[in-house]
Amino acid sequence: GDSVTQMEGPVTLSEEAFLTINCTYTATGYPSLFWYVQYPGEGLQLLLKATKADDKGSNKGFEATYRKETTSFHLEKGSVQVSDSAVYFCALSDRTSGTYKYIFGTGTRLKVLA
Amino acid sequence: GAVVSQHPSWVICKSGTSVKIECRSLDFQATTMFWYRQFPKQSLMLMATSNEGSKATYEQGVEKDKFLINHASLTLSTLTVTSAHPEDSSFYICSAREGGGVLATFGPGTRLTVL
């Protein structure tokens with residue numbers, strides 16, 4: 001079945017450092033890919049998305065490119081801030097299933113130090 | 001933009017009681033709603049998918065008699081945890097999808113603590 005694999009955390013960075021969180025996926029169809037962010041005690045917020053190969057999603061300085069050839073959707077940010085500290089989830093939604101249910105990765109906790 | 005609410009945001013109950021959690025789409029009609037549970041520091045696990053007016057489809061390993069899902073209207077789905085036990089304590093999150101769209105909007109979650 002479909003699956004999402006994320007790099008293990010936690011990731012600890014200094015402010016203004018470059019961030020990469022790796023995400024790869026397995027899907028039988030043509031999934032849409034997402035990055036969600038979860039702050040402590042809160043629900044999920046959509047960070048960015050890409051619906052087809054070579055699409056680049058971007059928001060708040062974060063970027064991710066849908067790479068079909070490597071089945072990847074790595075999250076990057078050029079300069080992280082303390083306020084970016086949160087848990088980041090990579091997810092896919094495959095319309096082949098008919099219901100568009102989301103499959104999530106395990107999440108990567110990011111801690112940014114001042 | 002699309003907004004999904006959940007009520008209550010947190011609930012504490014005694015073991016053996018039943019708890020109902022509501023999920024509402026506030027400004028769109030949700031043909032499909034999803035229920036997830038999340039254990040501390042873990043990912044979201046899909047419990048079930050529900051379409052308005054029909055029975056929910058449960059994921060493997062989820063007890064349908066324990067986690068009752070009702071999607072009675074295009075804006076409301078409810079999850080009832082029956083005869084709750086401490087191991088049911090978790091963060092429950094719903095999401096809703098408008099017909100024809102791939103994007104689902106997530107609710108803020110409900111934290112259930114069973115004593």
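The values are calculated or read from the model by the stated rules, or taken from the named source; none is laboratory data. Note that this is a predicted model, so its numbers are computed, not measured. Backbone-built Cβ (ideal geometry, glycine too); neighbour counts: all protein chains shown. All accessible areas refer to the heavy atoms of the entire protein, side chains included, with ligands and DNA or RNA removed. Shrake-Rupley method; radii C 1.70, N 1.55, O 1.52, S 1.80 Å.
Looking only at segment B:87-104, residues that are more than 13 Å from B:VAL19 (Cβ to Cβ) and at pLDDT 90 or above come to 6 in all. Applying the condition of being part of a loop (DSSP other than H, G, I, E, B) and either surrounded by 14 or more Cβ atoms within 10 Å (Cβ to Cβ) or among the acidic types (Asp, Glu) (or both) to segment A:82-98 and asking which residue is farthest from the other protein chains (Cβ to nearest Cβ) yields A:SER85. Set side by side, the residues A:LYS68, A:LYS111, A:LYS101 differ, and just one is open to solvent by 60 Å² or more (accessible area, probe 1.4 Å), at pLDDT below 95 and among the basic types (Lys, Arg), which is A:LYS68. With the structure loaded, tell me whether B:ALA48 is free of Cβ contacts under 8 Å to residues at least 40 places away in the same chain, assigned to a strand (DSSP E or B), within 14 Å of another protein chain (Cβ to nearest Cβ) and buried (at least 17 other Cβ atoms within 10 Å of the Cβ) or whether it fails that test. Taking the combined requirement at face value, the residue satisfies it. Within segment A:17-41, the set of residues being among the polar types (S, T, N, Q) and within 13 Å of another protein chain (Cβ to nearest Cβ) comprises A:SER32, A:GLN38.
Among all positions in segment B:25-45, there is at least one residue which is free of Cβ contacts under 8 Å to residues at least 60 places away in the same chain, of a type in the set (S, T, N, Q) and part of a loop (DSSP other than H, G, I, E, B). In this entry, A:LYS60 passes the filter for residues that are surrounded by fewer than 17 Cβ atoms within 10 Å (Cβ to Cβ), more than 11 Å from the chain's Cα centre (by Cα), away from chain B (no Cβ under 14 Å) and closer than 13 Å to A:TYR88 by Cβ.
So that you can scan it fast, the table gives a plain yes or no per residue for (1) surrounded by fewer than 19 Cβ atoms within 10 Å (Cβ to Cβ); (2) more than 9 Å from chain A (Cβ to nearest Cβ); (3) over 11 Å from the mean Cα position of the chain (by Cα):
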site: B:ALA2; (1), (2), (3): yes, yes, yes
site: B:HIS7; (1), (2), (3): yes, yes, no
site: B:GLY16; (1), (2), (3): yes, yes, yes
site: B:ILE21; (1), (2), (3): no, yes, no
site: B:ARG37; (1), (2), (3): no, yes, no
site: B:LYS41; (1), (2), (3): yes, no, yes
site: B:LEU44; (1), (2), (3): no, no, yes
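The set of residues in segment A:51-65 that are modelled with pLDDT of 95 or more and hydrophobic (A, V, I, L, M, F, W, C) comprises A:PHE62, A:ALA64. Against the condition within 14 Å of chain B (Cβ to nearest Cβ), open to solvent by 80 Å² or more (accessible area, probe 1.4 Å) and in contact (Cβ under 8 Å) with a residue 24 or more places away in the chain, how does A:LYS49 come out, does it pass? So A:LYS49 does not fit the description; no.
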